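These notes concern the structure reproduced below.
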Amino acid sequence: MPLERDFQRDLIKELKDRFPEAYILKNDSGYIQGFPDITVLMPGSWWAVLETKRSADASYRPNQEYHLNKAGNMSFSATIYPENKEEVLNEMERAYKRRCRKSRLS
């Protein structure tokens, strides 16, 4: 089983490849306790936060679920780990495309 930091490093590389127009930010865990690990800023005022875990059965730390829920009500948030990576990235891409279509229709 890979370490979380190794999964995070590889995920950031994949995010940069998949969303080359985005800013991919690794958040400082000491700044806001429990805030998700990665922020993805996309063109068109859309963003996502991703909480990385080393596996599906890894537990949450204090405040992580709170921040994921709050951010999810604003834009897109998810917990991502090796077993669900493709599913989460596909859903993130679909959510961004829906947002872009809505913006063009407005």
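For the reader, a short list of remarks on this structure follows.
- Count of the stretch 26-45 residues, restricted to those that are outside any loop (DSSP other than H, G, I, E, B) and of a type in the set (A, V, I, L, M, F, W, C), is 4.
- The stretch 47-106: number of residues that are of a type in the set (A, V, I, L, M), surrounded by 14 or more Cβ atoms within 10 Å (Cβ to Cβ) and more than 23 Å from MET1 (Cα to Cα): 6
- Count - residues of the stretch 5-54 that are within 19 Å of LYS85 (Cα to Cα), of a type in the set (Gly, Ala, Ser) and out of contact with any Lys or Arg (no Cβ under 8 Å at 6 or more places or on another chain): 1
- In the set (1) in contact with a strand residue (DSSP E or B) (Cβ under 9 Å, 6 or more places away or on another chain); (2) under 23 Å from LEU3 (Cα atoms), the condition left unmet by GLN33 is number (1).
- Counting the residues of the stretch 67-91 that are closer than 16 Å to ASP10 by Cβ and either assigned to a helix (DSSP H, G or I) or out of contact with any Leu (no Cβ under 6 Å at 6 or more places or on another chain) (or both) gives 8.
- Contacts under 6 angstrom Cβ, first residue in the stretch 39-54 being over 13 Å from ILE12 (Cα atoms), partner among the basic types (Lys, Arg) and surrounded by fewer than 21 Cβ atoms within 10 Å (Cβ to Cβ), 6 or more apart: TRP46/ARG99
- Scanning the stretch 22-38 for residues that are more than 18 Å from GLU91 (Cα to Cα), free of Cβ contacts under 8 Å to residues at least 24 places away in the same chain and not small (Gly, Ala, Ser) turns up TYR23, LEU25, LYS26, ASN27, ASP28, TYR31.
No lab work stands behind these numbers, since they all come straight from the coordinates. Fair warning: this is a prediction, and the values are worked out from it, not measured in the lab. In this analysis, Cβ positions are derived from the backbone assuming ideal geometry, glycine residues included, and neighbour counts consider all displayed protein chains.
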